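Notes follow once the structure below has been shown.
The values are calculated or read from the model by the stated rules, or taken from the named source; none is laboratory data. What you see is a predicted model; the values in this text were computed from it and never measured. For neighbour counting, all protein chains shown are included, and Cβ atoms are generated from backbone atoms with ideal geometry for every residue, glycine included. Calculation scope for accessible area: heavy atoms of the full protein, side chains included, ligands and nucleic acids excluded. Shrake-Rupley method; radii C 1.70, N 1.55, O 1.52, S 1.80 Å.
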Amino acid sequence: MDVIKISHLTKDYGDNKGVFDVSVTIKQGEVYVYLGPNGAGKSTTMRHLMGFSKPQKGTVTIFGMDAWTQQKEIQKRVGYLPGEIALPNDMTGLSYLKMIAKMRGMKDFSYATELLDYFEINPKAGIKRMSKGMKQKIAIVAAFMHKPDLLLLDEPTSGLDPLMQKKFIDLVERANKAGATVIMSSHIFEEVDKTCDRIGMIRQGKLIKELPVDELRHAQTKTFKVEFASAEALVGMKKAFPNATYRDSQNQVILDFKDSETNHVLAELSKYDVHFISEEKHTLEDYFMQFY
Ligand SMILES: Nc1ncnc2c1ncn2[C@@H]1O[C@H](COP(=O)(O)OP(=O)(O)O)[C@@H](O)[C@H]1O
Ligand SMILES: [Mg+2]
């Protein structure tokens, strides 16, 4: 079953800003990551999914209902974590969550209590005095506490420290295992690697590519820097890898290769005395460039 069906969605803010003719279909149980640089149109798309924005063109359907006209019904089954979190300053974390629970007609607050515990939140603390990360955690609890069928998470890990990021990703995985469909936006590729099934890449409001994450992982060329103990090694390496980049003065080579070429590379390297080897991280930009 398709949980989300975005069909030719367009929202034109002028100056090439907005979302243009985006179509995405997400199946029940999928974890879909909407990946793109700042300003690409991720939050705009998310707001249409929540029914906060009316499409200029196209349609957005969730659970078979129209996201704009049936937003009230849809929202009960959705957990939304906005990109920009704004919580009422005059409440405590607990009173805020209780208010949201009441609005949703939630009867059982036990999972919320469990989540407060999990994130080590002091529920009695006033929101006004909370750090950005703390507010983020409250917003996460609000998004997950009713065990929604669909999670819409807009750059969920951006304000979290590494430990919390891990806890958060574990929580997403747990929800997904229990059956929740997840759509999560991010501008950092490394962040999405573990959890997701499929990636949609958006840039300047256009969906430029969709692919299963496994495919992306294996299709990537990786880049390694290798430094040898002596200059002789470079002579042999240049014969084996004429297209690599060489830094003769440092006895270094920068090698790009695919997973399928790993054994060949290792066999060549093992002929020489290697000082060190390190992976050169690809930036998101590099990943995008491969699809132009
Ligand atoms: N209400 C709006 N009015 C005008 N421009 C907007 C509005 N909302 C977003 N934009 C612009 O549209 C582009 C996409 O924004 P957004 O969806 O927030 O991107 P992302 O979440 O990927 O960073 C940005 O250039 C942003 O400045
Ligand atoms: Mg955004």
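Details
- Bridging of K281 to lysines at a Cα separation below 16 Å is possible for K222, K225, K258, once same-chain residues fewer than 8 apart are set aside.
- Solution diffusion estimate, µm²/s, Stokes-Einstein, the stretch 220-289, Kirkwood Rh from C-alpha pairs, 20 °C, viscosity 1.002 mPa s: 171
- Equivalent ellipsoid semi-axes, the stretch 88-207, via Cα gyration tensor eigenvalues times 5, rooted, Å: 25, 17, 14
- Computed from the alpha carbon atoms alone, the convex hull of the chain holds 169 Å³ per residue.
- Counting only lysines at least 8 places from K57 when in the same chain, those with an alpha carbon closer than 20 Å to its own are K5, K11, K17, K42, K206.
- Over all orientations, the stretch 64-135 has a Cα convex hull whose mean projected area works out to 5.8 square nanometres.
- Nearest 10 degrees, 0 to 90: helix 162-177 Cα axis against the chain principal axis: 70
- Whole-number percent relative contact order across the chain, with pairs defined as alpha carbons under 8 Å at least 6 apart: 21
- Share of carbon and sulfur in the accessible heavy-atom surface of the stretch 220-289 [1.4 Å probe, %]: 51
- Residue of A86, A139, A101 that the Gaussian network model of the chain assigns the largest fluctuation, springs spanning Cα pairs under 10 Å: A86
- The stretch 1-69, accessible surface, carbon-and-sulfur percent (1.4 angstrom probe): 48
- Carbon + sulfur, % of accessible area of the stretch 113-178 - ligands and nucleic acids excluded, 1.4 Å: 52
- Reachable lysines from K124, criterion Cα separation under 28 angstrom, eight or more residues apart if same chain: K76, K98, K102, K107, K132, K135, K137, K147, K166, K167
- Considering only K206, K107, K72, the mean-square fluctuation computed in a Gaussian network model of the chain, springs between alpha carbons under 10 angstrom, is largest for K107.
- Across the options A240, A229, V265, the greatest Cα extent toward the positive end of the charge dipole of the stretch 220-289 (unit charges at beta carbon of Lys, Arg, Asp, Glu) belongs to A240.
- Expected 222 nm ellipticity per residue - DSSP helices of 4 or more, -39500 (n - 2.57), all of the chain, to 500: -9500 deg cm²/dmol
- In degrees, nearest ten, helix 93-104 long axis to first principal axis of the chain (Cα): 70
- Projecting the Cα atoms of P156, L116, I188 onto the dipole axis of the chain, where Lys and Arg carry +1 and Asp and Glu carry -1 at the beta carbon, places L116 farthest toward the positive end.
- Surface analysis of the chain yields an accessible area of 52 Å² per residue, using protein heavy atoms and a 1.4 Å probe.
- Computed from point charges on the beta carbon alone (+1 for Lys and Arg, -1 for Asp and Glu), the dipole magnitude for the chain about its Cα centre is near 1340 Debye.
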